[in-house]
Structures are given as structure tokens and as C-alpha cells.
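Written out below as C-alpha cells is the structure these notes cover.
The values are calculated or read from the model by the stated rules, or taken from the named source; none is laboratory data. Please read these numbers as outputs of a predicted model, since none were measured by experiment. Because the Cβ atoms are built from the backbone with ideal geometry, glycine has one as well, and the counts that use them run over all protein chains shown. For the accessible areas, the whole protein counts, side chains as well, though only heavy atoms, and no ligand, DNA or RNA atoms are used. Shrake-Rupley method; radii C 1.70, N 1.55, O 1.52, S 1.80 Å.
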Amino acid sequence: MRWKEKLVISLLALLVSVPAFAVDRAAVEKQFHAWLENTIWPQVEKQQVPRAVFDAAFKGVTLNWKLPDLVPPGSAPPKERKQSQAEFSSPGPYFNEKRLNDLAAIGRRHYNANKALLDRIESAYGVPGRIIIAIWGRETGYGTAAIPYDAMEVLATKAFMSTRKDMFEGELIAGLHILAGGDTTPGNMKSSWAGALGQPQFMPSSFLRYAVDFDGDRKRDIWNSKADTFASIANYLAQKGWQRGRDWGYEVTIPNNVSCAQEGPDLAEPIKNWAAQGINRISGKPFPSHELSASGMMLVPAGRFGPEFIVTPNFYVIKEYNNSDLYALFIGNLADRIAYGSGAFQASWGNVGHMLRSDVLKMQQVLVAQGHDVGKVDGLPGYKTRRSIGRWQAKNGIQPTCFPTEKLLQQIR
Ligand SMILES: [Ca+2]
């Protein structure tokens with residue numbers, strides 16, 4: 001949940017979501033309040049949410065017409081933007097060096113200043129402080145990002161009239177349970193424009209499941225308490241399966257004669273098996289001995305054109321926070337900078353990307369017709385597409401590169 005990107009997306013969405021005709025806002029506002037009373041209240045009443053909590057939650061709440069993706073009653077849902085003409089973005093720009101460097105400098109100060117607290121949290125949940133601080137930095141700029149919205153206003157508006165009403169109705173009801181539990185008050189329950197709460201940016205349903213009180217005041221305060229924020233992030237990752245004592249992954253070099261088509265979470269091998277193929281850490285250090293018998297997976301987000309990794313299952317746990325390989329790599333890289341003073345990935349991101357998704361889609365269709373599993377046929381080169389490309393290349397006597405390029409588009413037809 002990247003607040004800066006979200007801001008950009010929300011601005012873009014604002015441009016496209018303005019209904020083509022005038023909506024009678026006063027009438028819609030009336031419908032909204034009737035809907036709260038007739039649709040939401042009966043549900044939460046059955047779930048033992050007190051009436052006083054319900055009333056306090058919606059006191060003074062009105063629809064927020066400035067939110068993106070709104071579909072007021074009586075208006076047509078926004079047309080889906082056509083994706084096929086879009087380019088998929090190349091991974092390089094995601095790792096803006098200045099941004100990462102700045103984030104790391106500030107993160108290191110927080111890491112050192114909170115070392116004792118982070119150590120206690122690691123011993124309770126098994127998640128290292130460097131990972132917690134990196135996620136906190138990425139999500140809300142170490143708690144400095146504005147989280148300006150009243151959560152109930154956002155959740156209620158989106159549950160009443162947005163493109164994802166059903167999901168938000170569940171989150172609205174979860175929000176009422178948070179208030180009923182007494183962790184915070186309506187005035188303090190702040191969210192992003194998308195309803196993500198507090199410094200860890202939890203949706204309300206995640207808050208109910210994963211937020212914890214770590215400073216002992218019996219309130220899970222992810223808005224104001226650092227201890228609660230850090231421990232809640234750690235508990236989230238722990239519940240998602242974080243393996244204590246293991247790192248997230250390592251940048252490596254893969255020898256030319258070793259195929260990149262061995263990528264993917266479903267092709268895990270003990271790390272010593274990867275090392276036996278000649279795959280070594282790019283830093284020149286050996287893999288830590290306690291990792292050698294544990295499982296690792298090859299990850300090549302830009303095929304042979306960019307940095308190469310052996311990641312651990314913890315990499316995929318970070319993806320539970322935000323389902324993107326690049327997000328998880330960003331967190332891992334930032335965490336390493338914070339704790340070890342390291343820098344950018346050593347290999348450079350090649351100048352790849354710049355292809356139309358429709359062209360990648362064509363390649364995927366040919367590969368599927370030839371019996372390959374490319375995952376979702378969506379014009380995006382995920383790991384199954386990348387490794388199918390590598391297998392196709394090997395079969396056709398071409399050195400596998402495992403990434404779509406213009407040249408390959410001419411070859412795979
Ligand atoms: Ca607390």
C-alpha cells in the first residue's frame with residue numbers, strides 16, 4: 001500500500017470517475033443515511049455492536065464525493081480502462097536510488113533508536129527489526145505520511161457507492177467492530193483514501209486479525225504507538241508464516257550455463273543445491289551456513305537482463321503485505337541497507353520493458369498453444385511466463401534469457 005503511488009492513482013481515477021451527468025447529491029445523501037440504518041445497522045446489531053458505538057461512528061459522517069472509483073446510485077459504472085495498449089513497466093525505475101538512499105538514512109536512525117524494542121519484538125514474533133522498519137518506511141514514511149481521512153467516512157462512502165462495494169461493506173462492518181472493541185475512537189481512526197488504517201496501513205479486517213497491543217495499555221493503537229505499530233507488522237508477517245532466523249533472500253550471479261527457467265516459488269530447492277550449480281552471492285560472501293539446507297527459490301524479475309536472486313520463503317511472506325515481487329525486493333533491499341549499510345543491487349536493471357502488453361499477450365498465447373503454463377494470460381511477464389520463455393528458448397536452441405523482448409516477439413510466432 002504505497003501511499004505516494006496511491007495518491008497518483010487516486011488523482012488519475014478522479015479524472016476518469018466524474019459521472020457524465022449531474023447527480024442529485026442531496027438525494028443520494030439521504031439514500032446513504034437510509035442505507036446505513038436499514039442495511040448496515042441490522043447486520044451489526046446481530047453481531048452485538050452497541051447502538052451507541054454505531055451512532056458515534058456515523059455522527060457527522062457524510063459521503064465523501066472526492067474519493068476515487070465512486071459509482072453514485074443511478075450512474076453508470078466507469079468503463080474499464082483498456083489495458084492491452086498499455087506498456088508493462090520495466091522493473092528498474094521502481095528502485096529509485098535517491099528514494100531508497102533517503103529512506104535508508106532515516107530508517108537507520110529509527111532502527112538504532114528503537115533497537116531494544118525491536119529486539120523484544122523479534123524475540124516475540126521472530127521477525128527481524130530491519131524488515132519491520134523497512135515496511136514502516138515504505139508504507140507511511142516512518143509514520144510521517146499524512147493519513148488524513150476519517151476511516152468511517154471512507155469505508156461508508158465506498159461501501160455505499162464504489163466499484164468495490166461488497167469488499168468495502170465487509171471492511172465497514174470490521175471498522176465498527178474495531179470501535180466496539182475500544183481500541184480507538186471515531187475521531188482518531190484515520191485512514192488512507194483507500195481505507196487503510198494507521199502506520200502499518202492495515203485494512204480493518206486485517207486490524208481485527210493481526211493488530212496487537214505491545215506497549216501494554218490494552219489498546220491496539222497503530223496510529224500513535226510505535227510499539228503497537230512495529231509489533232502489529234511483525235505479528236502480521238508471523239501469522240503469514242515468517243520463518244524465524246531466516247533472511248529474505250540474496251542477490252546472486254547465475255552462471256551462463258545454468259538455466260534461468262528454474263525460477264518460481266513452486267521450484268524450491270535446498271540453497272546448497274543452487275550453490276552446487278555454481279550460483280553464488282554477488283557480494284562474494286558465502287550463503288550463511290544455517291541457510292544451506294533450507295529451501296530457496298530462484299527469482300529473476302528481468303530474466304537475464306537484471307539482478308538475479310535466490311530468495312527464501314520469507315520473501316513470499318513479505319508479498320502477503322503487498323502482492324508484488326518488486327515490492328518485496330524493495331523491502332528486502334531497504335532492510336539490508338538499514339541494518340548492514342549496503343546499497344543498490346549490484347547488477348543493473350537492463351533497459352527492458354517498453355513492450356505493449358498486447359505483444360506479450362501474443363507470446364503467451366503461442367506458448368500456451370505449445371503446452372506451456374504461463375500463468376495468467378494477461379500480457380504481464382510473471383515468473384511462469386518468464387520461465388516458459390526460457391524453456392521455449394532452450395528447446396529452440398537459443399540461450400535462455402527468460403524475458404520478453406521485441407526480438408523474441410519475432411521468434412515466438
Ligand atoms: Ca497499546
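Is it fair to say L292 is over 26 Å from K384 (Cβ atoms), hydrophobic (A, V, I, L, M, F, W, C) and in contact (Cβ under 8 Å) with a residue 12 or more places away in the chain? Yes, satisfied. Remark: pairs (first residue in the stretch 315-329, assigned to a helix (DSSP H, G or I); second residue open to solvent by less than 30 Å² (accessible area, probe 1.4 Å) and among the aromatic types (F, W, Y); Cβ separation under 6 Å; 6+ apart in sequence or on different chains) = F315/W248; V317/W242; A328/F315. Restricting attention to the stretch 187-202 and to residues that are within 16 Å of the ligand (Cβ to nearest atom), on the phi < 0 side of the Ramachandran plot and in a loop (DSSP other than H, G, I, E, B), the residue that is surrounded by the fewest Cβ atoms within 10 Å (Cβ to Cβ) turns out to be N188. Checked against (1) open to solvent by less than 60 Å² (accessible area, probe 1.4 Å); (2) touching a strand residue (DSSP E or B) at 6+ places or on another chain (Cβ under 7 Å); (3) at pLDDT below 95, H354 meets all criteria but (1). There is at least one residue in the stretch 367-377 that is assigned to a loop (DSSP other than H, G, I, E, B), open to solvent by less than 10 Å² (accessible area, probe 1.4 Å) and at pLDDT 95 or above. Restricting the first member to the stretch 211-224 and to residues that are modelled with pLDDT under 95, and the second to residues that are part of a loop (DSSP other than H, G, I, E, B) and near the ligand (Cβ under 6 Å from one of its atoms), no beta-carbon pair is closer than 8 Å while six or more apart or on different chains. The residues of the stretch 285-314 that are part of a helix (DSSP H, G or I) and open to solvent by 40 Å² or more (accessible area, probe 1.4 Å), listed by number, are S289, H290. Residues of the stretch 208-222 being open to solvent by 30 Å² or more (accessible area, probe 1.4 Å) and more than 9 Å from the ligand (Cβ to nearest atom), which ones? Matches in the stretch 208-222: L208, R209.
For residues in the stretch 225-235 being in a helix (DSSP H, G or I) and either in contact with a Ser or Thr (Cβ under 7 Å, 6 or more places away or on another chain) or free of Cβ contacts under 8 Å to residues at least 40 places away in the same chain (or both), which is farthest from the ligand (Cβ to nearest atom)? This residue is S232. There is at least one residue in the stretch 390-397 that is open to solvent by 50 Å² or more (accessible area, probe 1.4 Å) and touching a Ser or Thr at 6+ places or on another chain (Cβ under 9 Å). Does A234 fit the bill of being surrounded by 21 or more Cβ atoms within 10 Å (Cβ to Cβ) and over 27 Å from W392 (Cα atoms)? Yes; evaluated as a whole, the condition is true for this residue.
With respect to T157, is the statement that it is open to solvent by less than 40 Å² (accessible area, probe 1.4 Å), more than 13 Å from the ligand (Cβ to nearest atom) and touching a residue at least 60 places away in the same chain (Cβ under 8 Å) true? Judged against the criteria, T157 is a match. Exactly one residue among T385, T401 is in a helix (DSSP H, G or I), of a type in the set (S, T, N, Q) and either surrounded by fewer than 18 Cβ atoms within 10 Å (Cβ to Cβ) or not assigned by TED's automatic domain parsing to the domain that holds C260 (or both), and that residue is T385. Condition check for S205 on (1) more than 16 Å from the ligand (Cβ to nearest atom); (2) surrounded by fewer than 20 Cβ atoms within 10 Å (Cβ to Cβ); (3) part of a loop (DSSP other than H, G, I, E, B): one failure, at (3). Quick check on the stretch 165-184. Is at least one of its residues surrounded by 17 or more Cβ atoms within 10 Å (Cβ to Cβ), outside any helix (DSSP H, G or I) and away from the ligand (no atom under 16 Å from the Cβ)? There is no residue in the stretch 165-184 that is surrounded by 17 or more Cβ atoms within 10 Å (Cβ to Cβ), outside any helix (DSSP H, G or I) and away from the ligand (no atom under 16 Å from the Cβ). Residue selection: D150 fails the criterion of being touching a helix residue (DSSP H, G or I) at 6+ places or on another chain (Cβ under 8 Å), open to solvent by 20 Å² or more (accessible area, probe 1.4 Å) and either under 26 Å from G245 (Cα atoms) or more than 16 Å from the ligand (Cβ to nearest atom) (or both).
Within the stretch 61-84, the set of residues being closer than 22 Å to S192 by Cβ and either surrounded by fewer than 17 Cβ atoms within 10 Å (Cβ to Cβ) or modelled with pLDDT under 75 (or both) comprises T62, N64, W65, K66, P78, R81.
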